[in-house]
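Student: Quick one: structure below, then a few questions.
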Amino acid sequence: MQASSLAAVPSVPQSPVSRQWTVAEVLALYELPLMDLVWRAQGVHRENFDPNAIQRSTLLSVKTGGCSEDCGYCSQSARYDTDTERERLMPLDQVIAAAKVAKEKGASRFCMGAAWKGPKDNDLDRVLDMVREVKALGMQTCVTLGMLKDGQAEKLKDAGLDYYNHNLDTDKEFYGQVIKSHTHDDRLDTLDQVRDAGINVCSGGIIGMGESRKNRAGLIVQLANLPQAPESVPINNLVPIPGTPLADNPRLDPFEFVRTIAAARITMPKSWVRLSAGRQEMSDELQALCFLAGANSMFYGDHLLTTGNPDVDRDDALFARLGVKAV
Ligand code: SAM
Ligand code: DTB
Ligand code: SF4
């Protein structure tokens, strides 16, 4: 590192796995000149990861729409009039077929999402079969099914689940302005259950929902200060969905997104930071800047859950142009 270019940058301890962050400290990171922030994030990144390797997960919505919850950003809430149609839980053979395609195209992990407040036990049994079969293909498995009841995380672990995705989404202070049907503490409870069952935790959030920079810093602090930081941290840019309360939210400055990636990288040095929803609207150059700021994971495949994602051909071309390899 060249000391001269960082002379004015406050010192931030490196690799503080058990360090507790304050909102003021993370706000101070956000307030750095962008070049200093990205430089620092890239330094932390290089100490912990191969800077030219990006992990790729493919998403499949196995149960779409009709959700009881009122998350103000979501196309799948039954409370809003969106274009998303309610569907039943997908049959196992369709899930396996999609996982095989994802593997052939080069995804290392297959993530199955369900629009539930949480799984009923009979639905969970069907998801357990999906996990076992996808695992048997030699892929890492991830599911995101909403809030878990006692004993459900253990069943998922026994089926071979590698990751459970459950986002905090925003900080505790802002949460109630976007979601009223459950609480931030409910989300934390499920994360505890996942961690206790020995499943890797995937938890991040959405930015661009009208939250303040302090709320964004608060979200990063709440993730980084968990008893153990999540192994995987998805950072989603709001995809505005017509019919939802957040449909007409003003777009966030893209550099604020880059700053959020950098703050996640610095505070969670050993976590995979995922450049998640919103990538379709990003230029290749903005995505490269996110990778430089420490993102090293992405969703790969033409669809997220109900919205689009860049075509695999565009992503393959981007990887080739950047000289990065998929892991
Ligand atoms: N129902 C489960 C839950 O809420 O955890 C799983 C599915 S839910 C759709 C998974 C995540 O998708 C949410 O936590 C949120 O972070 C993200 N998400 C949903 N709609 C989004 C949108 N319009 N823009 C960006 N991210 C979104
Ligand atoms: C995550 O953090 N983002 C993904 C995944 N985890 C489940 C979902 C993004 C959804 C974007 C809106 C949609 O496609 O419905
Ligand atoms: Fe339901 Fe999850 Fe969408 Fe909230 S984010 S409405 S819990 S599917």
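The values are calculated or read from the model by the stated rules, or taken from the named source; none is laboratory data. None of the values given here were measured: they were computed from a predicted structure. Virtual Cβ from ideal backbone geometry, glycine too; neighbours counted across all protein chains shown. These accessible areas exclude ligands, DNA and RNA; they are computed on the full protein's heavy atoms, side chains included. Shrake-Rupley method; radii C 1.70, N 1.55, O 1.52, S 1.80 Å.
Student: Kindly provide the helix-only [θ] at 222 nm of the chain, computed as the sum of -39,500 (n - 2.57) over DSSP H runs of four or more divided by all residues, to the nearest 500 deg cm²/dmol?
Tutor: On the way: 11 runs with 127 residues, N = 327.
After summing the helix terms and dividing by residue count, I get -12000 deg cm²/dmol.
Student: Suppose every Lys and Arg Cβ carries +1 and every Asp and Glu Cβ carries -1, with no other charges. What dipole size does the stretch 37-192 come out with about its Cα centre, to the nearest 20 debye?
Tutor: So the magnitude is around 460 debye.
Student: Against the longest alpha carbon principal axis of the chain, how many degrees, from 0 to 90 and to the nearest 10, is the axis of helix 254-267 turned?
Tutor: 90
Student: Count the net charge of all other residues whose Cβ sits under 11 Å from the Cβ of R321, scoring Lys and Arg as +1 and Asp and Glu as -1. Present the calculation step by step, with values, prior to reporting the outcome.
Tutor: On the way: positive: R314; negative: D284, E285, D315, D316.
Charge balance near R321 sits at -3.
Student: Considering only the chain, what is the antiparallel percent among its DSSP beta bridges, to the nearest 5? Intermediate results must be reported in sequence, preceding the final value.
Tutor: Working: 1 of 34 bridges.
That works out to approximately 5 percent antiparallel.
Student: Give the peptides 104-117, 84-97 in descending order of average Cβ contacts within 10 Å, highest first. Present the calculation step by step, with values, prior to reporting the outcome.
Tutor: Numbers: 104-117: 20.6, 84-97: 14.4.
Taking the mean over residues of other Cβ atoms within 10 Å, the ranking is 104-117, 84-97.
Student: Per the 1.4 Å probe, what fraction of the accessible area of the chain, in percent, lies on carbon and sulfur atoms?
Tutor: Working: 7110 of 13800 Å².
Ligands and nucleic acids excluded, carbon and sulfur reach 52 percent.
Student: Beta carbons within 10 angstrom, averaged per residue: use that to sort the peptides 153-164, 40-51, highest first. All intermediate terms of the calculation are to be shown ahead of the outcome.
Tutor: Working: 153-164: 20.1, 40-51: 18.0.
The peptides rank, most packed first, as 153-164, 40-51.
Student: Can you tell me which aspartates and glutamates have their Cα less than 13 Å from the Cα of K325? Leave out same-chain residues fewer than eight positions away.
Tutor: Those aspartates and glutamates meeting the cut-off are D50, D315, D316.
Student: OK, next. For the stretch 202-252 and the stretch 294-327, compute the distance between their C-alpha centroids and round to whole Å.
Tutor: Cα centroid to Cα centroid, the span is 20 Å.
Student: On a 19 Å Cα-Cα criterion, which of the cross-link pairs K100/K135; K117/K180; K117/K270 come out too long? It would help to have the intermediate numbers written out before the result.
Tutor: Numbers: K100/K135 11 Å; K117/K180 13 Å; K117/K270 30 Å.
The answer is K117/K270.
Student: Okay, next question. What whole-number value in Å² describes the accessible area per residue of the stretch 149-241 for a 1.4 Å probe?
Tutor: Details: 3300 Å² over 93 residues.
With the other protein chains kept in place, the stretch 149-241 gives 36 Å² per residue.
Student: Under a 5 Å amide H to amide H cut-off, with H placed in plane at 1.01 Å, what residues pair with Q55 once short-range neighbours are removed?
Tutor: Hits under the 5 Å cutoff: S297, M298, V327.
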